[in-house]
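Asks: For reference, the structure I am asking about is given below.
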Amino acid sequence: MATQLLMPKATAVWLVDNTALSFEQIANLCALHVLEVKSIADGDSAQGIKGLDPIQTGQLSRDNIKECEADPDKKLLLLDPKVKVPELKKKGPRYTPVSRRQDRPSAILWLVRNHPEMKDAGIIRLVGTTKTTINAIRDRTHWNINNLQPLDPVTLGICSQIDLDFEVAKAAKYLPKVEEGPAEDTLLPASETQEGAADPQVNEEVDADSVFKNFAALGADDENDKPAEQ
């Protein structure tokens, strides 16, 4: 029996419009709340959704629908799917077309040179190679190392730019953080230099009376220094 209904809300719309099933039966089949099914029947919900016939799609049988219409306690049963969907395989090394396999060493060399922070696992996911090949290129012991040219794997069509950016960003997380050195000496702002560097003696207020007294004393001294007239 199928484990999941295709387009449950659209199926609920069709069942509400074309059958005499109870709201509970439709809600159980479509994994909806009973009040949500009632709102569909009242026209308050799913107004823009076109109903999907579950009989035509092979999800329900007409006989099962008639039986459930006659007995509200019966449940609608999904039919086994006619098309078997293969299970997804576990993720492994990326498959590389035969026409591109000869370019993998060049792509590895490009990754090793331009992204040395990337681990072997990341390169394997991008290029679909082995650790032995990666180590041989890192150590320059690969049998064709002298003829290899570093080429971008995206340009070669081995991986997408999105996959490359993802692996680069992932590898960058494991890079050691660079500690920032002490801040370089910089010029102090003008406000601080004017406040701190000013000479307190220069900033003292000038007493006008004392200035005039000094000038008067200097004038008297000049008169005393003149030679006496003969």
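Asks: Which order do His142, His33 fall in if you start with the one that has the fewest other Cβ atoms within 10 Å? All intermediate terms of the calculation are to be shown ahead of the outcome.
Replies: Values: His142 19, His33 11.
With the fewest neighbours first, His142, His33 line up as His33, His142.
Asks: Moving on to the next point. Which whole-Hz ³J(HN,Hα) couplings does segment 39-45 yield from phi under the Karplus relation 6.51 cos²θ - 1.76 cosθ + 1.60, θ = phi - 60°, glycine and proline marked x?
Replies: 5, 5, 5, 7, x, 8, 9
Asks: So, one more: If we count other beta carbons within 10 Å of each Cβ, what is the order of Leu35, Leu164, Leu175, fewest first?
Replies: Numbers: Leu35 11, Leu164 19, Leu175 8.
With the sparsest Cβ surroundings first, the list reads Leu175, Leu35, Leu164.
Asks: Counting other C-beta atoms within 10 Å, which of Arg125, Arg138 has the fewest, and how do the rest follow?
Replies: Numbers: Arg125 20, Arg138 15.
The most exposed by this proxy come first: Arg138, Arg125.
Asks: Quick one: what are the phi-derived ³J(HN,Hα) couplings along segment 116-125, Karplus 6.51/-1.76/1.60 with θ = phi - 60°, whole Hz, x for glycine and proline?
Replies: Each residue of segment 116-125 in turn: x, 6, 6, 7, 4, 5, x, 5, 5, 5 Hz.
Asks: Using only the alpha carbons of segment 98-172, determine the length spanned along each of the three principal axes and report them from longest to shortest in whole angstroms.
Replies: Answer, in whole Å and largest first: 31, 25, 18 Å.
Asks: Here's something else I'd like to know. How big is segment 8-70 by the Kirkwood estimate over distinct Cα pairs, in Å?
Replies: On the way: mean 1/r = 0.0868 Å⁻¹.
In segment 8-70 this quantity evaluates to 11.5 Å.
Asks: Let's test the formula: R0 of 45 Å, r as the Cβ-Cβ distance of Ala169 and Arg62. What FRET efficiency results, to the nearest 0.05? Please report the intermediate quantities before stating the final value.
Replies: Values: r = 54 Å, r/R0 = 1.19.
The formula returns an efficiency of 0.25 here.
Here, each number is a calculation from the coordinates, and none is a lab measurement. Source: prediction; values computed, not measured. Heads up, the Cβs are rebuilt from the backbone with ideal geometry, glycines too, and the neighbour counts pull from every protein chain shown.
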